[in-house]
Amino acid sequence: AQTVTQSQPEMSVQEAETVTLSCTYDTSESNYYLFWYKQPPSRQMILVIRQEAYKQQNATENRFSVNFQKAAKSFSLKISDSQLGDTAMYFCAFMLSGTYKYIFGTGTRLKVLA
Amino acid sequence: GAVVSQHPSWVICKSGTSVKIECRSLDFQATTMFWYRQFPKQSLMLMATSNEGSKATYEQGVEKDKFLINHASLTLSTLTVTSAHPEDSSFYICSARDPTSGIYEQYFGPGTRLTVT
């Protein structure tokens, strides 16, 4: 069975600074996808970034980038130039290819400080 | 992007009654929808996969007679919590996949907060 672990329950960062959220996962499969989702106080799940396991290049989306280490089964999210609107719960998620089912980590609550 | 709606956004019901939550894909046809449950300050737990025109597939530990799922059309899935009890109080989120989009992630609804008194 696949598992996703987020070891940082809460983090804070100063506005305009950079923060990295950690995520590790466990699987014996080779074809899968990884995601970071943001859940603001509204509770709406918002896709931040996705990574296909077969791609070696780390995904980037504007201020958001990942460090995908397949051998180490690590998938961290880096947020650059943090903004107050980045304050939210962040979930790392794993999806086995072909299943379309998410397995979510326990989440990291990020607070951006003015 | 694709939009998924849920109705109602919040509902309060008395213990022992049933409550229905709707999940709609507004601008695409979803052959598969998913229902999640989220307790306060916790993660999303997949409850079941809703398949259009066939029976839902429930995750281990989820009572299928308690949480009835119906996916009667390509744009609508419903979750009925039967004989609700206070421990069923939670935040319920649905998601849907657009099979024609060529992408694998899903679009999430805004969630429904259920409070059972």
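The values are calculated or read from the model by the stated rules, or taken from the named source; none is laboratory data. Not measured: the values here are computed from a predicted model. Ideal geometry is used to build each Cβ from the backbone, glycine not excepted, and the neighbour counts take in all protein chains shown. When the accessible area is computed, the model is the full protein with side chains, heavy atoms only, and any ligands, DNA or RNA have been set aside. Shrake-Rupley method; radii C 1.70, N 1.55, O 1.52, S 1.80 Å.
How many Å² of accessible surface get buried when B and A come together, counting both sides, probe radius 1.4 Å, rounded to the nearest 100?
In total, this chain pair buries about 1800 Å².
Restricting to Cα pairs below 8 Å that are 6+ residues apart, what does the relative contact order work out to for chain B? Please round to a whole percent. That works out to 37 percent.
Surface exposure of the stretch B:15-110, expressed per residue as accessible area with a 1.4 Å probe, stands at 46 Å².
Which entries of A:73/B:20; A:78/B:64; A:73/A:101; A:55/A:111 have Cα-Cα distances beyond 28 Å here? Among A:73/B:20; A:78/B:64; A:73/A:101; A:55/A:111, the Cα-Cα distance tops 28 Å for A:73/B:20; A:78/B:64; A:55/A:111.
Tell me, what does the Kirkwood hydrodynamic radius of the stretch A:14-107 come to in angstroms if you use every pair of distinct C-alpha atoms? Can you show the working numbers first?
Details: mean 1/r = 0.0733 Å⁻¹.
About 13.6 Å for the stretch A:14-107.
Put simply, when A:4-13, A:104-113 are sorted by average Cβ atoms within 10 angstrom per residue, most first, you get A:104-113, A:4-13. Our coupling estimate for the stretch A:5-10, obtained by passing each phi through the Karplus curve with A = 6.51, B = -1.76, C = 1.60 and θ = phi - 60°, is 10, 10, 8, 10, x, 9 Hz, Gly and Pro reported as x. Seen from a random direction on average, the alpha-carbon convex hull of the stretch B:22-67 projects onto 4.2 square nanometres.
Across the stretch A:73-88, coupling constants 3J(HN,Hα) worked out from phi with the 6.51/-1.76/1.60 Karplus curve, θ = phi - 60°, read 6, 10, 8, 9, 10, 10, 10, 9, 6, 3, 10, 4, x, 7, 4, 4 Hz, and Gly and Pro carry x. In the full protein context, the stretch A:8-82 carries 53 Å² of accessible surface per residue, based on a 1.4 Å probe and ignoring ligands, DNA and RNA. Computed from the alpha carbon positions, the gyration tensor of chain B leads to an equivalent ellipsoid with semi-axes of 23, 14, 13 Å, biggest first. Its alpha carbons considered, the stretch A:62-113 gives a radius of gyration followed by a Dmax of 13.0, 40 Å.
Checking Cβ-Cβ separations below 4.7 Å across chain B identifies B:13 as cysteines lacking any candidate disulfide partner. Taking amide H atoms as placed 1.01 Å from N in the peptide plane, the amide H of residue A:76 lies under 5 Å from those of A:23, A:67, A:69, each 5 or more residues away in sequence or on another chain.
Under a 5 Å amide H cut-off, with hydrogens placed 1.01 Å from N, residue B:56 pairs with B:51 among residues at least 5 apart or on other chains. Residue-normalised convex hull volume from the C-alpha trace of the protein assembly as shown: 125 Å³ per residue.
Can you send over the carbon and sulfur percentage of the accessible area for the stretch B:31-117, probe radius 1.4 Å, protein chains only? Walk me through the numbers on the way to the answer.
Details: 2040 of 3870 Å².
Carbon and sulfur together cover 53 percent of it.
For the residues of A:42-48, the average number of beta carbons from a partner chain within 10 Å of their own beta carbon is 5.
Over the stretch A:2-73, with every protein chain in place, what whole percent of the accessible area is carbon and sulfur at 1.4 Å, could you tell me?
Numbers: 1710 of 4070 Å².
Ligands and nucleic acids excluded, carbon and sulfur give 42 percent.
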